[in-house]
């Protein structure tokens, strides 16, 4: 009897050992086939989903008692979600998803995925998780040194993604007290890793302030926001156009007073759409015969004008209207007296732009008569020289040079030189020898 019990015990041990070996072999057929992190790179403070896919490539079912994600750096928000037992069938796969919080500084961390089997120990798998500091690269181009009150300036905002993860839903919102912007917000959309996009804004300041750009975007399920600011200081644009009326001639006639002169651009930039008009004729309903359209005057150049105004005006207010490259409208007003004469450079007031008249703390041009507002001797001086251009006596710029007369003169000189050379070769220029034998 004892012998039978001993044999039964040894038989039971053999059966159990065989089953244990089969369980270990079956568990060895379970492997991690895929790992997915969404988003693929986490920003500090981001929440992500880390999913492990396991597959049973064997022919037997495997019982899993529990599964965990363990890390001393990454916080697992649902660490007990897979504490109950489950079975993965032969030839099937199963997903384990953990919610993690990356509250660490920029680095690469390695949390460990554990699976415990009922009959065959456990499976361990380490996975890298990359964490980066949240950052958007922002730069602004075409910022003027100073802004001008009421003048629109175009600036370009460049958004760059220097990180390893896609940014989505990017929205830019400009904010600033006393600043008008042509759009309340700008939507860029998606910005792939290591790329950039530009967006333009038109800024019109009324007071000195600070312009802020609130930049909002998402990475995966995480929303981010950053702010970029620029100071808006008001002042005179040092590179603006500066039309100046000079070389004025006033002539009285039966039909009225004729005013002729030059408009010189003493500024750094070109002046566009230049119009000289009597003040009462500046609007659309004004007398068209009291307006003179010049067009564009480039920096350092000038153009002439001529107007006829009523004789009963003792003070003649002339307005110079012009635009900058952005289409902003400016104007200068020059007051002339009927007895003022040529060669004058007249002080003025300008609206819509900085500057106008003489520089602050400066002095009038040499020879300027403070009483009459004219330079030099009173009287007609249209034949004089424009202070901005020594060719003013010949018309507007280089286009009025007497080209044909110069060519004719050169041809005549060439003919004379050729005739003289021929005469010399024929001996006409030899001296006569009067010596006798």
Select, from 299, 304, the only residue that is within 14 Å of residue 248 (Cβ to Cβ), modelled with pLDDT of 80 or more and either touching a strand residue (DSSP E or B) at 6+ places or on another chain (Cβ under 8 Å) or buried (at least 19 other Cβ atoms within 10 Å of the Cβ) (or both). 304
Could you tell me whether residue 134 is at pLDDT below 90 and either crowded, with 16+ Cβ neighbours inside 10 Å or outside the structural domain of residue 28 (by TED's automatic domain parsing) (or both)? yes
Test set (1) surrounded by 19 or more Cβ atoms within 10 Å (Cβ to Cβ); (2) modelled with pLDDT of 90 or more; (3) over 30 Å from residue 46 (Cβ atoms) - residue 217 fails condition number: (3)
In segment 42-62, residue nearest to the chain's Cα centre (by Cα) [restricted to those that are touching a residue at least 60 places away in the same chain (Cβ under 8 Å) and crowded, with 20+ Cβ neighbours inside 10 Å]: 43
Is at least one residue of segment 125-137 under 18 Å from the mean Cα position of the chain (by Cα) and in a strand (DSSP E or B)? yes
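Tell me, please, whether a residue that is within 30 Å of residue 58 (Cα to Cα) and either surrounded by 15 or more Cβ atoms within 10 Å (Cβ to Cβ) or not assigned by TED's automatic domain parsing to the domain that holds residue 25 (or both) can be found in segment 142-152.
Scanning segment 142-152, I find no residue that is within 30 Å of residue 58 (Cα to Cα) and either surrounded by 15 or more Cβ atoms within 10 Å (Cβ to Cβ) or not assigned by TED's automatic domain parsing to the domain that holds residue 25 (or both), so the answer is no.
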For residue 181, state whether it is closer than 21 Å to residue 293 by Cβ and either surrounded by fewer than 16 Cβ atoms within 10 Å (Cβ to Cβ) or at pLDDT 90 or above (or both). no
Suppose we filter 110, 117, 125 for residues that are closer than 28 Å to residue 74 by Cα, surrounded by 17 or more Cβ atoms within 10 Å (Cβ to Cβ) and at pLDDT 90 or above; which single one remains? 117
Residue hits (segment 153-167; surrounded by fewer than 15 Cβ atoms within 10 Å (Cβ to Cβ) and more than 30 Å from residue 331 (Cα to Cα)) are 158, 162, 164
Out of all the residues in segment 263-282, which are surrounded by fewer than 21 Cβ atoms within 10 Å (Cβ to Cβ) and within 19 Å of residue 308 (Cβ to Cβ)? 275, 279, 280, 281, 282
Looking at segment 98-121 only, could you name the residues that are assigned to a strand (DSSP E or B) and over 13 Å from residue 32 (Cβ atoms)? 98, 99, 100, 101, 102, 107, 108, 109, 116, 117
Got a sec? Which strands (runs of 3 or more DSSP E) wholly within segment 202-289 have at least 3 residues that are over 35 Å from the mean Cα position of the chain (by Cα)? 243-253, 256-265
Some residue of segment 32-49 being in contact with a strand residue (DSSP E or B) (Cβ under 7 Å, 6 or more places away or on another chain), more than 30 Å from residue 222 (Cβ to Cβ) and either outside any strand (DSSP E or B) or modelled with pLDDT of 95 or more (or both): no
Is it the case, given these coordinates, that residue 99 is closer than 18 Å to residue 45 by Cα and either more than 20 Å from the chain's Cα centre (by Cα) or in the same structural domain as residue 191 (by TED's automatic domain parsing) (or both)? yes
Just one of 290, 325, 370 is outside the structural domain of residue 204 (by TED's automatic domain parsing), more than 22 Å from residue 251 (Cα to Cα) and either crowded, with 18+ Cβ neighbours inside 10 Å or at pLDDT below 85 (or both); which is it? 325
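The values are calculated or read from the model by the stated rules, or taken from the named source; none is laboratory data. Computed from a prediction, not measured in an experiment: that's the story for all the values here. Every residue, glycine as well, gets a Cβ built from its backbone with ideal geometry; the counts of neighbours run over all protein chains shown.
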